[in-house]
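Worksheet for the structure shown next.
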Amino acid sequence: MTHSPSEAGPTVDRYHLLGRPADLAGHRDTFGPLPLPAGRNRVWSQSLVDAVERAGLTGRGGAAFPSAIKLVVARAGGGQGSIIVNGMEGEPASDKDKVLLTRAPHLVLDGAQLLAAACGANEVVVCIPEGRDAVAAAVTNAIAERSVHHRNGTHASEVVVRPPDRFVAGEESALAQWLASGQSLPTFRPDKSSPLRIGKRPLLVHNTETLAHVALIARDGPEAFRAHGLTEEPGTTLVTISGAVVQPGVVEVDRGTPLHEIVARSTPNDDIRAMLVGGYGGTWVGPAHFGTGYASISLRTIGASAGVGVIVALGQSSCGVSESARIAGYLARQSAGQCGPCVFGLPAIAEDLARLAQGKPDPMLMARLLRRLDEVDGRGACRHPDGAVAMVRSALSVFAADVGAHSRGEPCAHWSAPTQLRFPAPRAQ
């Protein structure tokens with residue numbers, strides 16, 4: 001895997017990911033000291049909130065929620081809480097957490113420390129799933145380096161914890177549940193105006209990329225952040241590109257960069273028939289929309305979103321129906337097992353899609369599949385089933401010609417071709 005783009009587009013490297021990973025001294029040489037106040041300072045805290053708000057930073061973990069609002073909510077939570085660094089990256093097609101935490105861990109930890117100082121938190125908890133030992137070791141080593149320099153009591157403590165490596169375990173309410181009880185169960189949260197808590201302790205959960213941006217905004221100011229991207233959606237973003245490309249990996253692009261330009265950075269090795277945008281719970285996009293800008297506003301017009309920062313390029317030698325069936329099967333197996341739409345609905349949808357991919361004649365299949373999609377959508381305890389439904393619906397539209405042929409018992413020539421997608425290896429029981 002490469003972390004650098006091809007020559008198809010300009011290089012953006014605000015995180016300094018393209019060189020060798022820096023130790024703490026190298027990190028400070030590159031970015032300067034961590035701009036923290038000597039003690040609790042309300043004026044400084046408000047200035048950080050203002051800077052994040054003026055920058056227009058939104059979360060890079062999937063929901064794109066305004067980061068300044070989350071910080072304001074956390075500050076109102078009473079202090080003495082925890083900053084949770086979400087490095088779970090349950091999405092199989094994503095590598096940006098791994099890249100940031102192994103190549104720029106100090107930048108991520110700096111962002112967490114800044115938020116801790118702003119909202120009175122006394123602990124930074126870095127969540128890295130079981131099985132990602134190299135990532136955990138990189139962060140643990142970085143924390144050890146920092147502990148030598150943080151003995152004056154002005155920094156929150158830093159610790160690595162290892163939740164289970166499951167797709168839904170990285171959802172922020174599931175992380176809070178695991179930290180509180182050891183169970184990775186997401187909870188329905190219609191009201192985001194109150195902070196997550198463990199007992200009386202407030203939690204502020206951010207993904208690694210958002211925290212890295214906070215560290216840069218605090219040092220360089222919001223204007224430097226807004227110098228990239230769009231006026232209405234500023235900044236850069238990390239995107240993991242995979243599929244029918246020569247150089248799969250993580251690239252950094254300005255918000256608003258057209259989809260086809262982003263994929264060109266990794267050099268396609270086949271004619272691209274579709275792109276899966278936003279991850280496995282994302283949306284298939286056809287060639288008519290490859291010029292769409294990679295930003296929430298423009299993607300929304302075609303029924304897509306940036307999601308977790310993933311683009312999978314599907315080549316002409318692959319079957320979109322079969323690849324979608326593989327994703328549906330994976331998502332069904334990743335259920336937290338606590339609500340009907342996941343426990344019963346997703347496996348049923350995955351079974352229907354698998355039958356469709358194989359071209360097995362079934363005159364009731366399409367009506368049954370569409371009905372099940374309607375029954376599952378919007379009824380889960382979290383957004384996991386909704387993402388699966390959105391992916392399947394987009395597949396039925398973008399690959400409509402293949403869907404028709406498969407449903408008539410005439411599967412396309414590539415229905416049994418090896419997958420171009422990435423899935424974790426099955427674990428021994």
Leading residue by the ranking (farthest from Pro287 (Cα to Cα)) among those in segment 255-272 that are open to solvent by less than 50 Å² (accessible area, probe 1.4 Å) and assigned to a strand (DSSP E or B): Pro258
Which is closer than 21 Å to Leu179 by Cα, more than 18 Å from the chain's Cα centre (by Cα) and surrounded by 24 or more Cβ atoms within 10 Å (Cβ to Cβ), of Gly87, Gly81? Gly81
Which condition number in (1) at pLDDT below 95; (2) surrounded by 15 or more Cβ atoms within 10 Å (Cβ to Cβ); (3) within 22 Å of the chain's Cα centre (by Cα) is the one that Pro411 fails? (3)
Collect the residues in segment 62-96 that are closer than 18 Å to Arg383 by Cα and either of a type in the set (Phe, Trp, Tyr) or not in a loop (DSSP other than H, G, I, E, B) (or both), keeping them in residue-number order. Phe65, Asn86
Out of the residues in segment 9-27 that are in contact (Cβ under 8 Å) with a residue 60 or more places away in the chain and in a helix (DSSP H, G or I), which is surrounded by the most Cβ atoms within 10 Å (Cβ to Cβ)? His27
So in segment 122-139, with the set limited to residues that are in a helix (DSSP H, G or I) and among the small types (Gly, Ala, Ser), which one is least open to solvent (accessible area, probe 1.4 Å)? Ala136
Please go through segment 398-408 and give me each residue that is part of a loop (DSSP other than H, G, I, E, B) and crowded, with 17+ Cβ neighbours inside 10 Å, ordered by number. Phe399
Residue among Ala218, Ala212 that is part of a helix (DSSP H, G or I) and open to solvent by 10 Å² or more (accessible area, probe 1.4 Å): Ala218
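Here is a yes/no grid of residues against (1) under 21 Å from the mean Cα position of the chain (by Cα); (2) of a type in the set (Lys, Arg); (3) under 29 Å from Ala174 (Cβ atoms):
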position: Ile327; (1), (2), (3): yes, no, yes
position: Arg333; (1), (2), (3): yes, yes, yes
position: Asp386; (1), (2), (3): yes, no, yes
position: Ala400; (1), (2), (3): no, no, no
Expected output for segment 40-67 (first residue open to solvent by 30 Å² or more (accessible area, probe 1.4 Å), partner among the hydroxyl-bearing types (Ser, Thr, Tyr), Cβ below 6 Å, 6+ apart or cross-chain) is Ala64/Thr58; Ala64/Ser296; Pro66/Thr58
Could you look through segment 152-166, keep only residues that are surrounded by 19 or more Cβ atoms within 10 Å (Cβ to Cβ) and farther than 18 Å from Ala136 by Cα, and pick out the one that is modelled with the lowest pLDDT? His155
Any idea which residue in segment 337-365 is nearest to the chain's Cα centre (by Cα), counting only those that are assigned to a loop (DSSP other than H, G, I, E, B) and over 23 Å from Gln177 (Cα atoms)? Gly359
Per-region count, segment 273-311, residues outside any loop (DSSP other than H, G, I, E, B), in contact with a helix residue (DSSP H, G or I) (Cβ under 9 Å, 6 or more places away or on another chain) and either at pLDDT below 95 or among the basic types (Lys, Arg) (or both): 1
Please work out if Ala142 is at pLDDT 95 or above and open to solvent by less than 20 Å² (accessible area, probe 1.4 Å). yes
Among the residues of segment 313-336, is there at least one that is assigned to a loop (DSSP other than H, G, I, E, B), among the aliphatic types (A, V, I, L, M) and touching a residue at least 24 places away in the same chain (Cβ under 8 Å)? yes
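The values are calculated or read from the model by the stated rules, or taken from the named source; none is laboratory data. The model shown is predicted, which means the values in this text are computed figures rather than measured ones. Methodologically, a virtual Cβ is constructed for each residue, glycine included, from the backbone with ideal geometry; neighbour enumeration extends over all protein chains shown. Side chains included, ligands, DNA and RNA excluded: accessible areas come from the protein's heavy atoms. Shrake-Rupley method; radii C 1.70, N 1.55, O 1.52, S 1.80 Å.
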